[in-house]
Every structure is written in C-alpha cells, then in structure tokens.
C-alpha cells in the first residue's frame, strides 16, 4: 500500500523526483528542508475523521487528478467520484507541495481531507429570458419550489404570485393579505407555500391551483418577517404539517397548517425576531434585535440555551443543512416516480432522512449555524453542543445582510452593505477570500446546486455570478431598473429568479 502513490505517478517519480533530490543535495547540502520536501507521508481522511486506508508515501509533485485516482483505489469504488482535497484548510488545486506551503515533513503524517463534489455541473446563467411585470409594488421575496417546478413571489402590493417556470408566464395571483407580503416559504414537500405579511397574518397556498388552504392564521400582534417549516423527516404524518412564524412582536408561533391552529407560543426574546431556522435535529433557532440567538426544542417549546456574543442586532441565520432540508424531499419524490415501490409517504420520509444523514456525515456529523449582525461580524456555532462560538468572523465594514452555506457545506458566503461578499471555511470559519464588483450594498445571495457558483443581488440594480474556482466574477447581469432585493437559484440549476424595487420579476438562464 505504501507504494500505491508511487505507482500512480511512477513516471514522474523516476524521471523527476529523484534527480531533483540529488541536484538539491549537490547544490546545497546544508538545506535539509529542501531534501525532505520531495516525499511526504500522508493519509486520506473524510470530514467525519474516518481514515481511507493507512498512511502512504506520496511524491509532492502529485496533482489533484492523481490524488483522485489514489483515493478511489483506496475506497475501492466501482464508479469514479470527484473529490475536493484540503491540507491545513488549503484546497489542493495544483500540486500537493503548493498546498502544503513548505510545511512538509517525512516524520509527520499529513492529513489530506477529502470531500465529494457534485457529479453534475451547473453552468452560469448569462442572459435574461423573461421580464415579468404584474406586481404593483416592490418585489420583496421570490423563490423556487424544492423541485424547481414552481416559482412564487411576494410584494408590497399585498399579493402572492405564482409563475409558470416552463413558459415563464404568470400563473396565479393570490389575494388575502391586507398589507405588504414580507416573506414566503415553501414546504419541504413542495405542496404548499406559506406567506407572512406586515399585518401579522400567515396564509397557506396551493401552488397547483393558486387557492388559499384554510383560513388566515392570526395571532401575531405585529408583522411577520420569518417563516420556516418542520423538516419532512421529523413529521409524524409524512407530510409538511407544522410551520413556525415570528416577527416584530418577539414571539414564535408553531402552527398546524391543516387545522390552522397555533399549537405553541415561544416567548423569551426582548425585541423583534429577525431570522428563524428549524433544524433537522428538532431544534428551532431564532435570532433577534436583542442581540441574542435562542435555541428551542420544537417538540415541547422548551428553551435550551441562549447564544450571546453579537454587539448589535442579529440579522440573519444559516444552517449547514439548509440545502438538504430544502431539497431532500424532492429527491425522494423523484425516486418515488422512478420506482413505484416507494409510493408510501413513510418511504418518502425515510428517503428524506437518509439524504439528511448523508449530508450530516459529509459535514462531520455536526449541524453548524452561522449568524450575521449589524455589528459587522459573523459567528459560527455548534448550537446543539455548546453555547460558545467556534469562531468570530470579522472583516466586513458594514452590517451583514445575508449569509448562506454552500450545498456541500464547505463554504459560507456573507453579503454586506459594504458592497462586498466574503467567503469563509464552513467548518472552522477561517476567512477564504473576498468578492468585489458591486458598487452598492449586497442584499441577498443564492448558491448553485453544485456549490461551484454563487449569485448575488445588489442595491446597484445588478446581479453578479461568481466562480468559486477562481474567486472572481463570472458574469455581470444588468437589467433591473432599481435595487434587487431577492434572488434564488433553482435546485435543478437551470434558472435564477430576481425581483426588487422596479416591481419586475426576471428569469435568467444560460
């Protein structure tokens, strides 16, 4: 096994490595570090910490492609899986030696962290294929359903609108709210859309018919700015049954959407709640203008702990499992259609849970939370384990508007009024880079399904697509006549939707 790396790269080892070593010895016999930097003892490890075979000796001239071959051989996989490799948190994009940055030693075993990449590749959107008028006021939210077959938007004109993504035309206009629609949220099974408005009402809609399901759910004394659904694999009925809402009154309400009744009211925040997440472990996370994040047990409403550290309003939250909680059920739906034996709701729920557990394994078995604040900082937490943050992430010069984990959980992207987007390591919170190009504050971000691209919407009226390979702008997408408040990338990777102050919905494609 120790010679596996050498066999993969035998030609380079014979013709390049040994003569290079001899030349270095002759040129400078005192420089021992140069002699030692020819080979390294390394071991491949998954994010969970499990080792893929014993330590093996590798030439430092090995490229990423050669590492792929070695790892697939060690894992004994019939199908070749693409991987990303990391050493000391540095991604290996060229040779192993370059990633080590001179820290190689033959006496120490170097851990090479590997993480599977998406097999499919999403291509950057390049043009606006449709500009869809209809809303009479600013578009405040717009998003695709988990399977990408539907798209919905909410506006200051008090309506929720559904759009046909295939023909890129208006589908349904839904009227029940009496004030601005501030937030919309798709159920994990894609069968319902929830909306919340400035008057404190929550409505549930059927995307297939555009009709309201049940009555308006009332109880909030002020506007509703946060909505999140119970993850499908936690539902006892096998359907998306429960919804949590929160807003300016500082209370969280958990609703049964079938009966339209409020089952629990969670009180504890002193000011407006600005963000809400329902984790796959059954915990609710709420961020507030009172500078705290509270952890609740959704089952009985008990507050587990309070996360403190921010010096100003906490604006936004993201979980490293957000993407799989959004799309896991649609993956199950696709499997059910392909294989009718999975037709039962319980089977769909089981598949959704397997998707979630697989994502947790990739991220090391830990659900992580990141928070962004008006104090210009972000914090990375493991809130189910500890109330102390893993890392305080500084660098933004103005308040943080949005934060998102990449679907593969490897990168955190944060958007700020300082006109920049910053990238952070998804496990450690270490700063990775900054994306500059916008000339106005950045409002919202959305990742492509393969984690290779990021799209941003800005106060400068443009969208921009960024490449994670180059850490540079891939496409500049002007077209809106005013500020862009909302962006989303469809889970199938085909489309980006945007909306904003010009009252127009735009669809962008390749």
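Only the coordinates and a few stated rules stand behind these numbers; no lab work does. None of these values were measured; they are calculated from a predicted model. Cβ: placed from backbone, ideal geometry, glycine included. Neighbour counts: every protein chain shown.
According to a simple spin-label model (label point 7 Å from Cα along Cα-to-Cβ), what is the distance in nm between residue 397 and residue 215?
A separation of 5.4 nm, rounded to one decimal place.
Which angle from 0 to 90°, rounded to the nearest 10, does the C-alpha axis of helix 18-27 make with the longest principal axis of the chain?
70
Just subtract the alpha-carbon distance of residue 308 and residue 164 from 0.36 nm times their residue separation and send over the number in nm, one decimal. Kindly include the intermediate steps, with their values, before the conclusion.
Numbers: separation 144, 0.36 × 144 = 51.84 nm, distance 4.34 nm.
My answer for the length gained is 47.5 nm.
Between residue 510 and residue 131, what FRET efficiency comes out of the Förster formula 1/(1 + (r/R0)^6) with R0 = 22 Å and r the beta carbon distance, rounded to 0.05?
On the way: r = 17 Å, r/R0 = 0.79.
In this case the efficiency is close to 0.80.
Nearest 10 degrees is fine. How inclined is helix 64-75 to the longest principal axis of the chain, computing both from alpha carbons?
So the inclination is approximately 90 degrees.
Summing -39500 (n - 2.57) over the DSSP H runs of n ≥ 4 in the chain and dividing by its residue number, what mean residue ellipticity at 222 nm do you reach, to the nearest 500 deg cm²/dmol?
Values: 7 runs with 72 residues, N = 510.
The helix-only estimate for the chain comes to -4000 deg cm²/dmol at 222 nm.
Going by average Cβ density within 10 Å per residue, which order do the peptides 224-230, 369-375, 262-268, 438-444 take, highest to lowest? Walk me through the intermediate numbers first.
Numbers: 224-230: 23.3, 369-375: 24.9, 262-268: 14.7, 438-444: 19.7.
Peptide ranking by packing, descending: 369-375, 224-230, 438-444, 262-268.
Order these peptides, 129-142, 153-166, by their mean beta-carbon neighbour count within 10 angstrom, highest first. Show your work: numbers first, answer last.
Working: 129-142: 18.4, 153-166: 20.6.
Taking the mean over residues of other Cβ atoms within 10 Å, the ranking is 153-166, 129-142.
Which distance in nm do the two modelled labels at residue 385 and residue 63 give, with both placed 7 Å along the Cα-to-Cβ direction?
Label-label distance for residue 385 and residue 63, simple model: 3.7 nm.
Fully extended, how many nm does the chain gain between residue 108 and residue 89 (0.36 nm per residue separation, minus their Cα-Cα distance)? Kindly include the intermediate steps, with their values, before the conclusion.
Details: separation 19, 0.36 × 19 = 6.84 nm, distance 1.69 nm.
This chain segment gains 5.1 nm when fully extended.
Just to be sure I understand, if you calculate Cα Rg over 2.2 N^0.38 Å for this structure, which of [x] 0.98; [y] 1.11; [z] 1.04 do you get?
The calculated read-out lines up with [z].
How much length would be gained if the chain were fully extended between residue 492 and residue 261, taking 0.36 nm per residue of separation minus their Cα-Cα distance, in nm to one decimal?
Values: separation 231, 0.36 × 231 = 83.16 nm, distance 3.43 nm.
Extending this stretch completely gives an extra 79.7 nm.
By how many degrees, 0 to 90 and rounded to 10, does the Cα axis of helix 345-362 deviate from the longest principal axis of the chain?
40
At R0 = 51 Å, how high is the FRET efficiency between residue 347 and residue 271 if r is their beta carbon distance? Nearest 0.05 is fine. Don't skip to the end; give the middle numbers.
On the way: r = 43 Å, r/R0 = 0.85.
FRET efficiency, residue 347 to residue 271: 0.70.
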